[in-house]
Amino acid sequence: MNSKNIAVVLAGGVGSRTGFETPKQFLKINNKTILEYSLDIFDSHKCIDEVCIVAREEYHNYIFDIIKRVGYKKIKAVLNAGNERYESTLSALDYYKDYEDSNLIIHDSARPLITSDIIDSCIEALKKYNAITVAIPVSDTIVEIEDNYIENMPNREIMYANQTPQCFRVSILKVAYKKALSDKNFKSTDDCKVVHQYLDNEKVYIVKGSTKNIKFTNREDLQIIELLMKL
């Protein structure tokens, strides 16, 4: 089977921290859902061969309506999300389990300001590396705390903030999750951590992200995203 670049857009969150009743990926900016901004970029990108969306089953019909209304061409599947983020990744990984030589470009739909340039950099890096994340240097000093006291202050110059997309050769991610799921203490909210923790010989390469590629987590983030879109 020919190698493909497959965008996996994770849209299974409930958005409890935003304070809205509607899941954050379905809130609208300029009469377009947060989800659609990511889908627009991936569906139109010349190097993306197909797209799948992972979402809770009760929202599948709503997503199908969006796909039909907008006329997306590359979306091949809408899959069931799990209760945990890694379960949503596993849903996509199981669907593409026979695509061993293909790449999964996994992106949180709550990051609507993803750019074609970042995707370009990821796909170029996938020619050389099997596991990639997008990240940016932190601008603030990071502290480790215990009982509200500072325990450690890591060197800021080597601290980065992880973003998405996170990209993997299917065969590599399959092996990493197979090992992870055999660990009774396994718990993760990040696919790169799974590869880093369970595949000793597989390094995760960093592609430069953007300060604009922020994640919609809290209510205040929506205002920042709206402002960035206007700019």
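The values are calculated or read from the model by the stated rules, or taken from the named source; none is laboratory data. Here the structure is a predicted model, which is why all the values come from computation and not from measurement. Here Cβ is always computed from backbone atoms with ideal geometry, including for glycine, and neighbour counts include all displayed protein chains. Quick note on the areas: whole protein, heavy atoms, side chains included, nothing else; ligands and nucleic acids left out. Shrake-Rupley method; radii C 1.70, N 1.55, O 1.52, S 1.80 Å.
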The long-range amide H neighbours of Ala161, using H built 1.01 Å from N in the peptide plane and a cut-off of under 5 Å, are Ile136, Val138
Determine the sum of side-chain charges near Lys174: Lys and Arg each +1, Asp and Glu each -1, restricted to other residues whose C-beta is under 13 angstrom from that of Lys174. -2
Which residue fluctuates the most in the chain, going by a Gaussian network model with Cα springs under 10 Å, if the choices are Asn218, Asn130, Asn162? Asn218
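Test of the criteria: in the range 75-117, which trypsin sites (Lys or Arg not before Pro) are in a DSSP loop and have at most 15 other Cβ atoms within 10 angstrom of their Cβ?
Those that pass, being in a loop and sparsely packed, are Lys97.
Of all the stretches in the chain, which is the longest one without any exposed loop site, taking GluC sites (Glu not before Pro) in a DSSP loop (any state but H, G, I, E, B) with at most 15 other Cβ atoms within 10 Å?
After excluding every exposed loop site, the longest remaining stretch is 101-231.
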Please give the net charge around Lys46, taking every other residue with its beta carbon less than 12 angstrom from that of Lys46, where Lys and Arg add +1 and Asp and Glu add -1. -2
Sequence-separation-based contact order of the range 143-231, relative, with Cα cut under 8 Å and 6+ spacing, percent: 17 percent
Relative contact order (%) - the chain, alpha-carbon pairs under 8 angstrom, separation at least six: 23 percent
Can you give me the pair-distance distribution of the range 55-148, C-alpha pairs, 5 Å bins, whole percents? 2, 8, 14, 18, 20, 15, 9, 6, 4, 1, 0
Counting only heavy atoms of the protein chains, get the accessible area per residue of the range 106-227 (1.4 Å probe) and round it to a whole Å² value. 60 Å²
A student applying the Cα gyration tensor rule (rounded when a/c is under 1.5; otherwise prolate if a/b is larger than b/c, oblate if not) would label the chain rounded
How large a share of the accessible area of the chain, in percent, is made up of carbon and sulfur atoms when the probe is 1.4 Å and the other protein chains stay in place? 46 percent
Three-way shape call for the range 106-183 based on the alpha-carbon gyration tensor, with the a/c threshold at 1.5: oblate
On a 21 Å Cα-Cα criterion, which of the cross-link pairs Lys46/Lys73; Lys74/Lys179; Lys28/Lys230; Lys46/Lys203; Lys73/Lys178 come out too long? Lys74/Lys179; Lys46/Lys203; Lys73/Lys178
Taking a probe of 1.4 Å and leaving out DNA, RNA and ligands, the range 1-70 shows per residue an accessible area in Å² of 50 Å²
Across the chain, where is the longest run that never hits chymotrypsin sites (Phe, Trp or Tyr not before Pro) in a DSSP loop with at most 16 other C-beta atoms within 10 Å? 21-185
Calculate how many DSSP beta bridges within the chain are antiparallel, expressed in % of all such bridges and rounded to the nearest 5. 45 percent
Expected 222 nm ellipticity per residue - DSSP helices of 4 or more, -39500 (n - 2.57), all of the chain, to 500: -9500 deg cm²/dmol
So, over other residues within a Cβ distance under 12 Å of Lys4, counting Lys, Arg +1 and Asp, Glu -1, the net charge is -2
³J(HN,Hα) computed for each position of the range 107-115 - Karplus, 6.51 cos²θ - 1.76 cosθ + 1.60, integer Hz, glycine/proline x: 10, 7, 5, 6, 10, x, 9, 4, 10
